[in-house]
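Asks: Let me give you the structure first, and then I'll get to my questions.
What follows is calculated from the coordinates using simple rules that are stated; it is not laboratory data. Keep in mind that what you see is a predicted model, and the values were worked out from it rather than measured. Glycine also receives a Cβ, built like all others from the backbone with ideal geometry; neighbour counts cover every protein chain displayed.
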There are 2 protein chains.
Amino acid sequence: MKEISNSELVVLQQLWQQSPLTSSEVVDALEQSHDMHEKTVKTLLNRLVKKQAVSFEKQGRVYHYSPLIAEQDYTVKESLSFVDRMFAGKLTPLVAGFAQKNKLSAEDVAELQTLLDDWQKEQK
Amino acid sequence: MKEISNSELVVLQQLWQQSPLTSSEVVDALEQSHDMHEKTVKTLLNRLVKKQAVSFEKQGRVYHYSPLIAEQDYTVKESLSFVDRMFAGKLTPLVAGFAQKNKLSAEDVAELQTLLDDWQKEQK
DNA sequence: ATAAATGGATTACAGATGTAATCTGTCTAT
DNA sequence: ATAGACAGATTACATCTGTAATCCATTTAT
């Protein structure tokens, strides 16, 4: 599947949040949240359809759009490729960067610790 | 500073690894490691200079290139913006994705735990 | 029933990107 | 000294991206 651009991702994320949506529903949401122009949103919906990232159902002359790719699948795949490119696949330096830049809350850290502890238990 | 594209990043990373380098040294390295054409590498060096990501020193008719931006600065900034776009700023789901996809080694996990433990001590 | 609004399709257009080729001025080997 | 090699500068070119505008066929409001 083709790459999804940043602005296309915004549209796709709206559909992950809720779907199916008509184009005007998507437009309304993104005019609000992202200050995007109607025409722009429609172009992006079209491109996402061409890229087979989104499908639609016709109902009369209105289309109802839904994502064709799962959020998890997409975000995880992008994460792996990002960390590959940026840190040669190593996750630690990314997390270290967050820590140094004070981007971690106590809660984040607690969550991560739980996650890692669980991981270790499973490896047993 | 302008965005650095993926293929430009490959060149920049070579200079992070070692610098200053002449263009032909960069070319040699990237022909090897990334199968990139000489002309392509030179174009990318030029673009990086225009973007003020790389500088050079003339020595005779040969230039010696060096990075102008620090690897840490760049990778951390990109990480923050990636996590913002992808996970609304939350780091945990990214790490969870790695865990689920079996991309963590016991060593990675140990490193991360140490990192997080240290973080907590500092917060005290 | 006409004009305006709406939905989707098509077209626009400048800048970024990947990937080179060509040009131009030295330097070097013969 | 001349031709070829090499360095950097400039140009090329298709595709992708962000951001819309225009076109065309309905539908709806007056």
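Asks: In µm²/s, what is D for the protein assembly as shown at 20 °C and 1.002 mPa s, where D = kT/(6 pi eta Rh) by Stokes-Einstein and Rh is the Kirkwood radius from Cα pairs? Write down the numbers at each step before the final one.
Replies: Values: Rh = 20.8 Å.
Result for D is 103 µm²/s.
Asks: How fast does segment A:6-67 diffuse by Stokes-Einstein, in µm²/s, taking the Kirkwood radius from C-alpha pairs at 37 °C and 0.692 mPa s?
Replies: Working: Rh = 11.2 Å.
For these conditions, the coefficient is 294 µm²/s.
Asks: Using the C-alpha gyration tensor of chain B, what are the square roots of 5 times its eigenvalues, in whole angstrom, with the largest one first?
Replies: Details: eigenvalues 245, 52, 45 Å².
Semi-axes, largest first: 35, 16, 15 Å.
Asks: List, shortest first and in nm to one decimal, how far the label point of A:V62 (7 Å from Cα along Cα→Cβ) is from its counterparts in the other copies.
Replies: 6.9
Asks: Rank B:Y65, B:H34, B:W16 by how far each Cα sits towards the positive end of the charge dipole of segment B:6-67 (+1 on Lys, Arg Cβ; -1 on Asp, Glu Cβ) and give me just the farthest.
Replies: Selected residue: B:Y65.
Asks: Let me ask another. Which value, in nm² and rounded to one decimal, describes the direction-averaged projected area of the C-alpha convex hull of segment B:71-123?
Replies: Numbers: hull surface 18.2 nm².
The directionally averaged projection comes out at 4.5 nm².
Asks: About the Cα centre of segment B:6-67, how large is the charge dipole given +1 on each Lys and Arg Cβ and -1 on each Asp and Glu Cβ? Please answer in debye to the nearest 20.
Replies: Working: 7 positive and 7 negative charges, 76 e Å.
The dipole magnitude comes to about 360 debye.
Asks: Still on this structure, I have one more. For an R0 of 30 angstrom, estimate the FRET efficiency from the Cβ-Cβ distance between B:K39 and A:T43 and round to the nearest 0.05.
Replies: On the way: r = 34 Å, r/R0 = 1.14.
It comes out at approximately 0.30.
Asks: For chain B, modelled as a Gaussian network with Cα springs under 10 Å, which listed residue fluctuates most, B:A29, B:A88, B:A70?
Replies: Top of the fluctuation ranking is B:A88.
Asks: Filter the cross-link list B:K39/B:K90; A:K103/B:K101; A:K77/B:K124; A:K39/B:K42; B:K2/B:K39 down to pairs whose alpha-carbon distance in this structure exceeds 32 Å.
Replies: Working: B:K39/B:K90 41 Å; A:K103/B:K101 24 Å; A:K77/B:K124 36 Å; A:K39/B:K42 39 Å; B:K2/B:K39 22 Å.
The answer is B:K39/B:K90; A:K77/B:K124; A:K39/B:K42.
Asks: In whole Å, how far is the Cα centre of segment B:1-52 from that of segment B:57-85?
Replies: Centre-to-centre (Cα) distance: 11 Å.
Asks: Further, regarding this structure: Using a simple charge model, +1 on the beta-carbon of Lys and Arg, -1 on the beta-carbon of Asp and Glu, nothing else, what dipole does chain A show about its Cα centre, in debye to the nearest 20? Walk me through the intermediate numbers first.
Replies: On the way: 15 positive and 18 negative charges, 119 e Å.
Using Cβ point charges on Lys, Arg, Asp and Glu, chain A gives about 580 debye.
Asks: For chain A, set up a Gaussian network in which alpha carbons nearer than 10 Å are linked by springs, and say which option among A:P67, A:P93, A:P20 fluctuates the most.
Replies: With Cα springs under 10 Å in chain A, the top fluctuation among A:P67, A:P93, A:P20 is at A:P93.
Asks: Something else about it: Which distances, shortest first and in nm, link A:D84 to the matching position in the other copies, using label points set 7 Å out along Cα to C-beta?
Replies: Spelled out, the distances from A:D84's label point are 2.6 nm.
Asks: Which trypsin sites (Lys or Arg not before Pro) does segment B:1-74 hold that lie in a coil by DSSP with at most 11 other beta carbons within 10 Å? Could the numbers behind the result be given before it?
Replies: Values: sites: B:K2, B:K39, B:K42, B:R47, B:K50, B:K51, B:K58, B:R61; in loops: B:K2, B:K51, B:R61.
Taking segment B:1-74 and a limit of 11 other Cβ atoms within 10 Å, the loop trypsin sites (Lys or Arg not before Pro) found are B:K2, B:R61.
Asks: What 222 nm value per residue comes from the helices of chain B, counting each DSSP H run with n ≥ 4 as -39,500 (n - 2.57) and dividing by all residues, nearest 500 deg cm²/dmol? Could you put the intermediate results ahead of the total?
Replies: Numbers: 6 runs with 81 residues, N = 124.
Mean residue ellipticity at 222 nm (helix-derived): -21000 deg cm²/dmol.
Asks: Please give the charge dipole size of segment B:71-123, origin at the Cα centre, charges +1 on K and R Cβ atoms and -1 on D and E Cβ atoms. Round to the nearest 20 debye. Mind dumping the intermediate values first?
Replies: Numbers: 6 positive and 10 negative charges, 78 e Å.
Here the size comes out at about 380 debye.
Asks: From the label point of B:T114, set 7 Å along Cα to the beta carbon, how far off in nm is each other copy's matching point, shortest first?
Replies: Output for B:T114: 2.6 nm, nearest copy listed first.
Asks: Considering only chain A, pick the residue with its Cβ nearest the axis of the rotation onto chain B, and state the distance in whole Å.
Replies: A:F82, 3
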